[in-house]
Amino acid sequence: MTERTLQQLKTAETEKISHLDYFNIGISVDCVILGYDEKELKVLLIKSDMQEFSGLYSLLGDFIKPDEDLEAASYRVLKERTGLDDVFLEQVKAFGNITRHPSGRVITIAYYSLIDVRNHKLQLDLNELHWHPVNEIKKLAFDHKQILDTCLGRLRQQVMEHPVIFNLLPEKFSLRELQKLYQAILGVELDRRNFRKKISIKDWLLDIDEMEVNVPHRPGKLYTLKKQYRNKAAKNVVLQMA
């Protein structure tokens, strides 16, 4: 490389000086934690602590620290806000509308997870943190309703093609429970016979030769997700949302 070529190259410092505004953009993470309880699909929300959104709930989020990478930030937010540290988070996409944050330009990276509410008890009680049925949510702080809807939309596109929702169920479950979960996610009633036929064709389930007990209806067979699909369900890896 010639001396003239070297003189034409810019340094990191001159790049920063000439584009100072570009280095003053905030970056945050927001976590969409979905669970299934009482026959409803729910999302974990917290009361917003910003005056501009007084009375509204928001997703779990925070700014990324200067010395923190994206993934570490998402798990820190989850741990600080809920006490949960054994939940896998999958990156969804970036949201960067210019007016999405009242304090200035902030780009957020959304993460999501599907968890079994019964096996993940919240350890903290902060700003009215609790589960909300997704079909009752009309408005959230920032653009969090859009973020939530984006995750739900992609999930609904994938549920009949990939075994991604079994984290929302106990290890053993009946086809009745499974159908109710699908109905809660899709927001529609499903024909019992057609649903069972489609699930059977997928060959995801293992009949464990057990029956339901202490149920108010005729006991049904119990199933579990086949071993070869468990890791995929646990990490949600088949939902390529990014």
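The values are calculated or read from the model by the stated rules, or taken from the named source; none is laboratory data. These numbers come from a predicted model, not from an experiment. Cβ placement follows ideal geometry from the backbone for every residue including glycine, while neighbour counts extend to all protein chains displayed.
Search the range 7-21 for residues that are modelled with pLDDT under 75 and pair each with any residue that is of a type outside the set (A, V, I, L, M) and exposed (fewer than 10 other Cβ atoms within 10 Å of the Cβ) when their beta-carbon atoms are under 6 Å apart and the residues are at least 6 apart or on different chains.
Correct list of pairs: 16/23.
Limited to the range 161-176, what total is found for residues that are surrounded by 18 or more Cβ atoms within 10 Å (Cβ to Cβ) and either part of a helix (DSSP H, G or I) or free of Cβ contacts under 8 Å to residues at least 24 places away in the same chain (or both)? Before the answer, list the steps.
The initial filter retains those residues of the range 161-176 that are surrounded by 18 or more Cβ atoms within 10 Å (Cβ to Cβ), namely 162-169, 173-174.
Remaining after also requiring either part of a helix (DSSP H, G or I) or free of Cβ contacts under 8 Å to residues at least 24 places away in the same chain (or both): 166-168.
Residues flagged as surrounded by 18 or more Cβ atoms within 10 Å (Cβ to Cβ) and either part of a helix (DSSP H, G or I) or free of Cβ contacts under 8 Å to residues at least 24 places away in the same chain (or both) within the range 161-176 amount to 3.
Could you list all residues from the range 137-160 that are within 19 Å of residue 103 (Cα to Cα), in a loop (DSSP other than H, G, I, E, B) and either touching a residue at least 60 places away in the same chain (Cβ under 8 Å) or not assigned by TED's automatic domain parsing to the domain that holds residue 45 (or both)?
Result: 140, 141, 142.
For every residue, the table says whether it meets (1) of a type in the set (Ser, Thr, Tyr); (2) crowded, with 17+ Cβ neighbours inside 10 Å.
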site	(1), (2)
13	no, no
29	no, yes
43	no, yes
54	yes, no
74	yes, yes
93	no, no
103	yes, no
108	yes, yes
111	yes, yes
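Which of the residues spanning the range 23-59 are free of Cβ contacts under 8 Å to residues at least 60 places away in the same chain and either in a strand (DSSP E or B) or of a type in the set (Ser, Thr, Tyr) (or both)?
Result: 54, single match.
Take the range 43-71 and flag every residue that is under 15 Å from the mean Cα position of the chain (by Cα) and farther than 16 Å from residue 147 by Cβ.
Listed by number, the list holds a single entry, 71.
Just wondering, is there one or more residues in the range 113-135 that are at pLDDT 90 or above and in a helix (DSSP H, G or I)?
Yes, that holds for at least one residue.
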